[in-house]
Each structure stands twice: as structure tokens, then as C-alpha cells.
């Protein structure tokens, strides 16, 4: 995702970092809220 934002979309470095941080936070809070252990092979 970071490479796509930086190269294809032409975004600045700080914006890319912010987008990746948000994506990770949403994933982490979703896992905490659901109570289901994380499974990397789920999808």
C-alpha cells in the first residue's frame, strides 16, 4: 500500500506514513473489539 501511494498516486511521504498508520490502527482495533485471535491466513 505504501509503495502504491508513494509512486502511483504521487503522495508525499508524511501522508503515506499517516495512511499506513491509520490502516494498522483500524486493523488492530477491529481485532481487539471482535475478540477473535488474529489469523494471517484468514483471507
Whole-number Å³ per residue for the convex hull built on Cα positions in the chain: 75 Å³
Rounded to 10°, Cα long-axis angle of helix 13-34 versus longest principal axis of the chain: 10 degrees
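Bear in mind these aren't lab numbers, they're just calculated from the coordinates by the rules spelled out. What you are looking at is a predicted structure, and each value in this text was computed from that prediction instead of being measured.
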